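Asks: Sharing a structure below in structure tokens format, with a few things to ask.
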Amino acid sequence: MSKSSILYELNKQFSRRLQIDLVVEGVIVGLLAGLTITLYRITLDKAEEFVMWLHNYMHEMPLVIILWLVIAVCLGCVVCFLTRCEPHSKGSGIPHVDAEIKGELSMKWWRVLPFKFLEGSMCSLAGMSLGREGPSVQLGAVVGKAVSKLFRRRRIEKRLLITCGAAAGMAAAFHAPLTGTLFALEEIHKEFKPALLIAAMISSIASDFVVSQILGVQPVLAFHFIKNINHAYYAYILLLGVFCGLLGAVHNAGMFFVQETFYAKLEKFHAYLPLIFASCISSIAIYFAPALCCGGDKIFEYLSRAQNLALPAIIALLIGKYFFTTFCFASGAPGGTLFPLCAMGALTGCLFGAFAYTYLGLPQIYIVNFVVLGVAGLFASVVRAPVTAVILAFELTGSFNALLAVSIVSIVSYICANMCKVDPFYEHLTMRLIQNISTEQTHAIQKMMRVDSHKELIAKKLPHKKELVFQTLHVGVNSSVEHKCLAEIKFPQDMRIITINREGMTILPTGDTKLVAGDELLCSFITQTELTTKPKVQKLLDSHFIDGA
């Protein structure tokens, strides 16, 4: 790592022109992602309208269900064929974006974009209980990657634009720019940096602007807090948080079980069977329970009259939506779970509110409030992103009242779900995806070694060009390196600390420089070893709040 190469990278890193360029490119990503997701939303809305029309037609002509069953199986086969042609278009897409940003895989944007759009539309046409948010995040991310390729950005800048695209996709799907921004930071990056925050927010706003111009400015859900909940009833809010936390853990455990046992065994017989099975149960749902199909808009229509719904009806809708979504999503169908998750959260809140009204003396007027609280609570427990859950509840309803109540539900449900020791939903899916990629790479290496028996030949095929990647890391409170000189710390050899930012001052480090909590370290990594080196460095810098941890 020569001095000239480090200076070149530092000049790029701190170039004001580069920062302005990235902001402009972030706006471009947001506008293009917003247009893409708007077209995707319109397509899914038309597909859902067709499903409702088909339900009515089936009851007029019952024999049509047999014909549609055949068509649905064909749709499932076509979708499965497309996902085998482009594996990165399978599932929700959020784990693929997460893995791409981590550097674990590289999606071909020109393939993923049309494949995901077509597959998601076909699954919605089949009536599967899937949402638009996961695919929207992936579609936005590949738009960001396309823009990064167009402007020939390097790896670190490319990751930033992919994150901008993911934020723009979430913002366009939910019509919620703040939710898109926070989701990108809290769920995908799991860190808050000024440059990342600004870029993601600009892209989200640009994306939401496009959606607003075409689809209007009204919130996705037509719910409002009718009246602020009296503090005398806050014990019920705590109980709702516990209830949502437990249901969130059950939701994740059930999804993982069906995906890793039932469908894994089914796939051993034939690769097409999981999607064929999901298509068949979707056809049955169209005939018997169309409200369970697609994202869940019909459920929200029912919940707008929450006071008139009986407890058995709410329980039936909640159980039906959960199992239907589980068997559709776990099949590997290209679609998301976030909007169905919001529908289940609303049902959970409605169920709890109706129960508290019937048996615990809760005033009936508060039931609608509990519907919104349920959305935030279940989102926080399933995704483990409580801050995003709070903002989502506000942006979906267009109401910024009851901040305390929504925050309490989100935090309590988050804690309860963590105590159940069930993995966060997208973290688990990303981990499985990366494990599958590692297995495939191992098999490829073994195959290469069988073909090339000489190690020298293999070594010649390995890349030798060392490209630098810069990352900003922070020294945590009570970390293992706090109050230690750099010379005393055993950092990996292929990593360097270039500068230390401490309370607005830039320090050029030497061996005698002591690190203190809150220091912002600009570190350089070699691209080829970054994935293994960065976690080691991060472990040294992480905060520890338990003695001996």
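Just so you know, all these numbers are worked out from the coordinates, no wet-lab data involved. Because the structure is predicted, anything quoted here is derived from the model rather than measured. Don't worry about glycine lacking a Cβ; one is built from the backbone with ideal geometry, like all the others, and counts go over all protein chains shown.
Asks: By how many degrees, 0 to 90 and rounded to 10, does the Cα axis of helix 16-60 deviate from the longest principal axis of the chain?
Replies: 20 degrees
Asks: Continuing with the same structure: Relative to the Cα centre, what is the charge dipole magnitude of the stretch 107-198, using +1 at the beta carbon of each Lys and Arg, -1 at the beta carbon of each Asp and Glu, and rounding to the nearest 20 debye? Numbers along the way, then the final one.
Replies: Working: 14 positive and 6 negative charges, 136 e Å.
Value, rounded to 20: 660 debye.
Asks: Would you kindly state how much longer the chain becomes between Lys514 and Ile20 on full extension, computed as 0.36 nm times their sequence separation minus their alpha carbon distance, in nm to one decimal?
Replies: Numbers: separation 494, 0.36 × 494 = 177.84 nm, distance 3.37 nm.
Result for the pair: 174.5 nm of gain on full extension.
Asks: Using each residue's phi in the stretch 519-526, evaluate 6.51 cos²θ - 1.76 cosθ + 1.60 at θ = phi - 60° and report the 3J(HN,Hα) Karplus result to the nearest Hz, with x for Gly and Pro.
Replies: 4, 9, 9, 8, 10, 10, 10, 8
Asks: Moving on. Compute the whole-percent fraction of alpha carbon pairs in the chain spaced more than 38 Å apart.
Replies: 33 percent
Asks: Order 321-334, 206-219, 528-541 from most to least packed using the mean count of other Cβ atoms within 10 Å.
Replies: 321-334, 206-219, 528-541
Asks: Taking the simple approach of a point 7 Å from Cα along Cα-to-Cβ for both Phe262 and Arg155, what is their distance in nm?
Replies: 4.1 nm
Asks: If you don't mind, there's one more thing I want to ask. Please list, in order along the stretch 206-214, the HN-Hα scalar couplings obtained from phi with the Karplus expression 6.51 cos²θ - 1.76 cosθ + 1.60 (θ = phi - 60°), rounded to whole Hz, x for Gly and Pro.
Replies: My calculation for the stretch 206-214 gives 4, 5, 5, 4, 4, 4, 5, 5, 9 Hz in order.
Asks: Take the Cα radius of gyration of the stretch 231-423 and divide it by 2.2 N^0.38 Å, with N its residue count; two decimals is plenty.
Replies: 1.04
Asks: What ranking, highest mean first, results for peptides 340-346, 113-119 when packing means the other Cβ atoms within 10 Å averaged over each residue? Let's see the in-between values first.
Replies: Details: 340-346: 28.6, 113-119: 20.1.
The densest-packed peptide leads the list: 340-346, 113-119.
Asks: Here is a further query. Viscosity 1.567 mPa s, temperature 4 °C: give me the Stokes-Einstein translational D for the stretch 491-549 in µm²/s, with Rh taken as the Kirkwood radius over C-alpha pairs.
Replies: This corresponds to a translational diffusion coefficient of 101 µm²/s.
Asks: With a Förster radius of 22 Å, plug the Cβ-Cβ distance of Ser304 and Val217 into 1/(1 + (r/R0)^6) and report the FRET value to the nearest 0.05.
Replies: Once rounded, the FRET efficiency stands at 0.70.
Asks: List every residue whose amide H lies under 5 Å from the amide H of Ile498, counting only residues 5 or more places away in sequence or on a different chain, with H placed 1.01 Å from N in the peptide plane.
Replies: Those qualifying (amide H under 5 Å, at least 5 residues apart or on another chain) are Leu522, Cys523, Ser524.
Asks: How charged is the neighbourhood of Glu427? Take every other residue with its Cβ under 11 Å from the Cβ of Glu427, and add Lys/Arg as +1 and Asp/Glu as -1.
Replies: Computed value for this residue: 0.
Asks: Could you work out how far apart the two model spin labels at Trp53 and Val250 are, taking each label as a point 7 Å from the Cα in the direction of the beta carbon, and quote it in nm?
Replies: 3.8 nm
Asks: Output the peptides 359-371, 172-184 sorted from most to least packed, where packing is the average of other Cβ atoms within 10 Å over each peptide's residues.
Replies: 172-184, 359-371
Asks: Quick one: helix 64-85 against the long Cα principal axis of the chain, what's the angle to the nearest 10°, folded into 0 to 90?
Replies: 0 degrees
Asks: Multiply the residue separation of Leu238 and Ile71 by 0.36 nm, subtract the distance between their alpha-carbon atoms, and state the gained length in nm to one decimal.
Replies: Using 0.36 nm per residue and subtracting the Cα-Cα distance, I get 55.4 nm.
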